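The values are calculated or read from the model by the stated rules, or taken from the named source; none is laboratory data. Everything numeric here is computed off the predicted structure, so don't read it as measured data. Methodologically, a virtual Cβ is constructed for each residue, glycine included, from the backbone with ideal geometry; neighbour enumeration extends over all protein chains shown.
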Amino acid sequence: MFKFLKEKLSAFKKKLEKREEEIEKKKVEERKEEKEVREEVKEEREGKKVGLLSKIKTFVVEREIVIDEKQVEDILEDLEIILLESDVAFEVVEEIAAKLKERLVGRRRKIGEKLSDIVINELKTIIQEILDANRFDFDEFVQTRLREKRPLNIIFVGVNGTGKTTTIAKIAKRLMDFGYSVVLAAGDTFRAGAIEQLEEHGRRLGVKVIKHKPGADPAAVIYDAIKHAESKGIDVVLADTAGRMHTKKNLIDQLEKIKRVTKPDLTIFVDESIAGNDAVERARMFNEAVGIDGSILTKIDADPKGGTAISISYVTGRPVLFLGTGQEYDDLVKFDSKWLIDRIFGDI
Ligand code: GDP
């Protein structure tokens, strides 16, 4: 997980350390020079020379411990490339760079404090702030909302092949582990295979799947699932939807109709973390076209980069709810910025 990004950040830190060593070396030379300046100041005090007191102040205070703009520009040049190569979306890279610049330029370094540590720690803090900007607790939401209405209707949107059906099954299993009852709605009527796929998950989990024939109106399928849940006192309807149709307009029209008819409590976008900027752009598109409440990123276990997870909530303004970490039903972790940061930065 995140091997590529971790290696890049590690190399980046080493480079900073090397640069720091060079600065230290320069400092030793400067100290020698400083001694000479002190001599000159002494002479200045004794009236032999003029105007050097201010020079020594700059020398000792600013040049030694204040991080200057040039240093930050050099750091950012390397870092921006690393982040872009790791699938962090351009606008998110810009945000990180601007914040880093704001926090580093002019900052005083304490004696013994390493520049590389300051930069890495600040970078971690900024990424964590970006990840935490849109927090949402799925479990709390389900618990609270069920006090007001039953069943809850949760629909899943996103293109095929990214792990959407598996994710629906994982969420079903998770809800059942918490003691809730669920029913699945086979709302991807565009592909016959999608209905069978969901049925297979239903069989394995012992969950009923409401389905119509391929090509049927998905809004009607989900509506039926809601009616079924109402009559049986089932807590949550989890509805699949088509990810692709003949045209994008068809797809959007269909999703809009589903939303209008079935009034979902949550619309969750699912995509795979390994798709990088493609996943981020799809999230943006689905959010703008139909509105999403949050995202689930699958295949995080197979993602060497990690940038998708960093970017998706920033770009959509909606939280990441869960991460898929494997093919088994239990391979689903509730999104936690600290968990992600620990995995990206590890022991760097
Ligand atoms: P859909 O077409 O979007 O419904 O995709 P599927 O649910 O059929 O998943 C496509 C493939 O991705 C399947 O082989 C899944 O087992 C696999 N998959 C789903 N989620 C994950 C995950 O979090 N990690 C890994 N490694 N594979 C996953």
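The single condition from (1) away from the ligand (no atom under 14 Å from the Cβ); (2) in a helix (DSSP H, G or I); (3) in contact with a Phe, Trp or Tyr (Cβ under 7 Å, 6 or more places away or on another chain); (4) within 19 Å of Lys164 (Cβ to Cβ) that Phe286 fails is (1). Condition test on Leu332, is it over 14 Å from the mean Cα position of the chain (by Cα), free of Cβ contacts under 8 Å to residues at least 12 places away in the same chain, within 16 Å of the ligand (Cβ to nearest atom) and closer than 24 Å to Val237 by Cα? Here the answer is no, as Leu332 does not meet what is asked. Residue pairs whose Cβ atoms lie under 6 Å apart, sitting 6 or more positions apart in sequence or on different chains, and linking a residue in the range 217-241 that is touching a residue at least 60 places away in the same chain (Cβ under 8 Å) to a partner that is among the aromatic types (Phe, Trp, Tyr) and part of a loop (DSSP other than H, G, I, E, B), are Asp235/Tyr180; Val236/Tyr180. Residues considered: Ile274, Ile234. Of these, the only one that is among the β-branched types (Val, Ile, Thr), more than 17 Å from Val157 (Cα to Cα) and in a helix (DSSP H, G or I) is Ile274.
In this structure, is Gly306 more than 9 Å from the ligand (Cβ to nearest atom) and at pLDDT below 95?
Working: more than 9 Å from the ligand (Cβ to nearest atom): yes; at pLDDT below 95: yes.
Criteria met by Gly306.
In this structure, Gly179 does not qualify as surrounded by fewer than 15 Cβ atoms within 10 Å (Cβ to Cβ) and part of a helix (DSSP H, G or I). Report yes if some residue within the range 270-283 is away from the ligand (no atom under 16 Å from the Cβ) and surrounded by fewer than 19 Cβ atoms within 10 Å (Cβ to Cβ); otherwise report no. Yes, the range 270-283 has at least one match. Would you mention how many residues in the range 96-122 are crowded, with 18+ Cβ neighbours inside 10 Å and either among the small types (Gly, Ala, Ser) or under 23 Å from Arg284 (Cα atoms) (or both)? Within the range 96-122, residues that are crowded, with 18+ Cβ neighbours inside 10 Å and either among the small types (Gly, Ala, Ser) or under 23 Å from Arg284 (Cα atoms) (or both) number 3. Considering the range 309-329, and only residues there that are of a type in the set (Gly, Ala, Ser) and away from the ligand (no atom under 16 Å from the Cβ), the residue that is surrounded by the fewest Cβ atoms within 10 Å (Cβ to Cβ) turns out to be Gly317.
The residue pairs whose first member lies in the range 262-274 and is more than 13 Å from Ile296 (Cα to Cα), whose second member is of a type in the set (Asp, Glu), and whose beta carbons are closer than 9 Å, counting only pairs six or more residues apart or on different chains, are Pro264/Asp293; Asp265/Asp293. Of the residues contained in the range 189-198, one or more are found to be at pLDDT 95 or above and under 24 Å from Arg150 (Cβ atoms).
Return the residues of the range 157-167 that are within 9 Å of the ligand (Cβ to nearest atom) and under 20 Å from the mean Cα position of the chain (by Cα); say none if nothing qualifies.
Of all residues in the range 157-167, those within 9 Å of the ligand (Cβ to nearest atom) come to 158-167.
Gly158, Val159, Thr162, Gly163, Lys164, Thr167 - these are the residues of the range 157-167 that are within 9 Å of the ligand (Cβ to nearest atom) and under 20 Å from the mean Cα position of the chain (by Cα).
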